[in-house]
Amino acid sequence: MKILYSLLKEFVDFEARPRDLASMLTSIGIESSVVSQACLWTGVVTAKVLDVQKHHAMDKLFLCRLSDGSKEYSIVCGAKNIALGQIVPLAKVGAVLPGNFEIKRLKIRGVNSEGMICSKKELGLKEESEGIFVLDEKTKIGLPIEKVFDGEDSILEIEVATNRGDCLSHLGIAREIGAKLRKVVSVPQIKILTKPQTLSCVEVKSNLCKRYIGSIISGVKVEDSPKWLIDILAKSGIKSINNIVDITNFVMIELGQPLHAFDLNKLSSKKIIVREATGFEKIIALDGKDYKLDPGMLVVADEQSPIAIAGIMGGKFSSIEDKTETIFLESAIFDAFSVRKTSKKLNLYSDSSYRFERGLGWDIAELAIWRATNLITEIASGKQDALGDFHTVKYEKTKIALRFERINKILGYAIEEYEVSEILRFLGIDLQSKGEMILCTVPSWRNDIKIEVDLIEEIARIKGYDAIPISKTNTYYSYVSNNSFLSSIVEEFRTKLKGFGFSEVLNCSFLEVSEFERFGLKYYYKITNPVSKENEFLRSSLLPCLFKNLILNISQGCETVSLFEHGKIFLKAGERKAFSAVMYGGVWHEWWKWVERKVNPKFDFYFGGGIIKSILPSEEFMIIENLTPSSYFHIGKTGAILFRGKIIGQFGILNPSFVSDIKDEVFYFEIDLEPFENTCVKKTIVYKAYSKFPIVKRDISVIADKFLLFSEIEKVIKSVIKSGGILKDYSLFSVYSDEAKLGNGKISYSLRLLYKNDRKTLSDKDVNDDVSILLDRLDSDLNVKLRH
């Protein structure tokens, strides 16, 4: 949704510039970005040049006296086009120009300058400009310069969570800004007109409509909207239709409540009935398409047929036209699930359905219809004749008891009671003290706040997640109880495969039909309303997804690919858990090459089988001949995995006919995890924060006695690592044994050392000193010396 910076400022007073505002909103959970920015400055006003004199100390400078209507300013200026009587942009002391350039009081050649007269370049309006920016002589002085540029505005693009429908409006975003900055939010002034007659032409027959407010307005003049309204809608990405429709759209983006206007004279018996569709009813919507309505879909109808699909789109028959004189204005609260279900079924989406699906506040419906009625009477000369408010449910505000000790326990740090109360009040929550707790009455627009922990989350969000203290040890413990045998098996598979250099992948469970057909797989579950053709079916095997991962990695230049996945598959019998892996390319990493070996080995049937044998947790697992291999395996290069007398998996080389686009053999295995029995185990998992500072690599070669076991060298290195220094890891990448160059009985080992400090970026001196310590230990303990 697009949010206009200027319209926001009508709801709440704030000084943040657009990009700073976007960052602040993102920090409190509303993803924001600036898609169009007009005002790149603060503190710049229009001013009139009252006097211009030459600087006594330098001919190229001028001493100028300016006024903004309330105060006069002395400015030193070097622009050649400065002249008496001009209206110019004046950046006062404290103003901030593009590039975060702050204007300060300066003394230039002995004369005080109380600001700066700006050029278009200095305001960020042009890359280059000659002289100061001279405004129209009729421009009022003392105005913020941004108000001079007609049609210019900064626009923010926001994305909100599915449970934050209250933020899909300028008022909603203003509330969030007000809560963060502790600013009071103002709503548009509503003029309650002379009490109209009670509406008698509305009948609500379905509980899917919780509240329905209708208003009859007569004598309207349907014409083009005023320029200010057209501009606001255009910046919000909404096309102007006519003044009546534009007002309903404006109120929707302003307050968040979708509205709809019907031409009352087109309705049968001028009657409005909110009901569920019956039989095989149809409606031609405003987009000109014919929609067949299923029984149970909520509609707004007259006595003959549907005139709108409730919460989604109105019908073309009852739309507002130039000759419309009397309108029926609707403001309602329709069931969110019903709107979403109907929208998906009909494949029909709108700005209204987007808001109804996320839930609307009870009170905003009444505010919105009065706001629209005021604008229609003002802009379209209408007169309100009748008003009605109909409920099918009794609305009661949510009340939650909030305990202060619970806040501190959940967040892990203490917040003062006065600050908690202040945050909640600025969120619109009414508070009533009850001893050690407070009773919180949640406003109607916050239907996402239901329990105590929701309130605590709001406190943490508004106070700022950066206020949560970081543990000094950076170590966090999570206790997992009732962990099943299945979980321990999966964890063992993961640990061992990662030790072999495998990477874990997480794939979506949806596939397109061609991906099943490639491997001769069957599919059992089709998505009714898929997001795209590529996400039409639930996967019945992990193979297609892993194969896509393999192809992607090969296309990126990877010569060795080893991946595994633990996930769900969907068979005819239902949902099952599976574990699979794919292997391709060279077995060894590039840094592990023996000089005697001329060719790097590839992943083949025997090597893959060896890996499987290595990861199986116990002797209860056996590898046997695969008598019924799947069609995607190569005949004669496949095996099966047996557990307690039952085949639970199979492995082997993929059939070349299925993977003809890959030059080398591809090894694949899959294990069905469902047969594993559930036995309770307990396990403590330790999490450590990952250091944000870079690793420094240092390669060294050492010479040792040929009969000295390399494990002795490893012991020394590991003891240095355990001492808690900056050496974190090591690897052996070369062994060299040419005695003619090294000496009799000598061998050389090349090592890669990895250094890292969790608190700072390491310097060369830090690393060199630590390498020297290691070499001294190797020399003194084992007579192992650095090879030069």
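The values are calculated or read from the model by the stated rules, or taken from the named source; none is laboratory data. Note that this is a predicted model, so its numbers are computed, not measured. All Cβ positions, glycine included, derive from the backbone under ideal geometry; neighbour counts span all protein chains shown. Ligands, DNA and RNA are stripped out before the accessible areas are found, and what is left, the full protein with its side chains, is counted by its heavy atoms. Shrake-Rupley method; radii C 1.70, N 1.55, O 1.52, S 1.80 Å.
What accessible area per residue comes out for the chain, rounded to a whole number of Å², with a 1.4 Å probe? All intermediate terms of the calculation are to be shown ahead of the outcome.
Values: 41310 Å² over 788 residues.
In whole numbers, the chain has 52 Å² accessible per residue.
Relative contact order for the stretch 485-676 using alpha-carbon pairs under 8 Å, separation at least 6, rounded to a whole percent?
Relative contact order of the stretch 485-676: 20 percent.
For Cα Rg over 2.2 N^0.38 Å, pick the label among [x] 1.94; [y] 1.30; [z] 0.97 that corresponds to the value derived from the coordinates.
[y]
Among the listed pairs Lys341/Lys568; Lys526/Lys663; Lys548/Lys613; Lys697/Lys785, which have their C-alpha atoms separated by more than 31 angstrom in this model?
In this structure, Lys526/Lys663 exceed 31 Å between Cα atoms.
Using helices alone, I'd like the mean residue ellipticity at 222 nm for the chain: each DSSP H run of four-plus residues gives -39500 (n - 2.57), total over residue count, nearest 500.
-7500 deg cm²/dmol
With all protein chains present and a 1.4 Å probe, how do Ser186, Ser113 order by accessible area, largest first? Spell out each step's value before the answer.
Numbers: Ser186 55, Ser113 5 Å².
Result, largest first: Ser186, Ser113.
Which of the aspartates and glutamates could a cross-linker bridge to Lys722, judged by Cα under 14 Å and excluding same-chain residues fewer than eight apart?
Glu714, Asp770
Could you look at the chain and say what percent of its accessible area is carbon and sulfur, using a 1.4 Å probe and all protein chains?
For the chain, the apolar C and S fraction of the accessible surface comes to 51 percent.
Any lysines with Cα under 16 Å of the Lys282 Cα? List them, leaving off those in the same chain fewer than 8 positions away.
Here the lysines satisfying the reach criterion relative to Lys282 are Lys292, Lys316, Lys345.
Helix 243-255 sits at what angle to the longest principal axis of the chain, using alpha carbons and giving 0 to 90 degrees rounded to 10?
Computed tilt is about 50 degrees.
Any of Lys205/Lys394; Lys496/Lys522; Lys80/Lys126 with alpha carbons more than 27 Å apart? Name them for me.
Pairs exceeding the cut-off: Lys496/Lys522.
Checking the cross-link filter: which lysines have an alpha carbon closer than 18 Å to that of Lys92, excluding same-chain neighbours under 8 positions apart?
Cα-Cα hits under 18 Å: Lys48, Lys71, Lys104, Lys107, Lys120, Lys121, Lys140, Lys147.
What figure in square angstrom, to the nearest 10, would you give for the accessible area of Phe579 with a 1.4 Å probe?
0
Mind ordering 735-746, 648-659 by average Cβ neighbours within 10 Å, highest first?
648-659, 735-746
What angle, in degrees between 0 and 90 and rounded to the nearest 10, separates the Cα long axis of helix 485-499 from the longest principal axis of the Cα atoms of the chain?
Orientation of helix 485-499: about 70 degrees from the principal axis.
With labels modelled as points extended 7 Å from the Cα through the Cβ direction, what inter-label distance (nm, one decimal) is found for Ser618 paired with Val716?
Here the answer is 4.3 nm between the modelled labels.
Order Tyr395, Tyr606, Tyr668, most accessible first, counting only protein heavy atoms with a 1.4 angstrom probe.
So, going from the largest accessible area down, we get Tyr606, Tyr395, Tyr668.
Once ligands and nucleic acids are excluded and a 1.4 Å probe is used, how much of Glu422 is accessible, expressed in Å² to the nearest 10?
Using a 1.4 Å probe on the heavy atoms, I get roughly 70 Å².
Could you please put His391, His260, His170 in sequence from largest to smallest accessible area, using a 1.4 Å probe? Can you show the working numbers first?
Details: His391 100, His260 40, His170 0 Å².
Greatest to least solvent exposure: His391, His260, His170.
So for the chain, averaging the separation of alpha carbon pairs under 8 Å that are six or more residues apart and normalising by length, what relative contact order in percent results?
RCO, the chain: 9 percent.
If one takes the longest principal axis of the Cα atoms in the chain, at what angle in degrees, from 0 to 90 and to the nearest 10, does the Cα axis of helix 364-379 lie?
50
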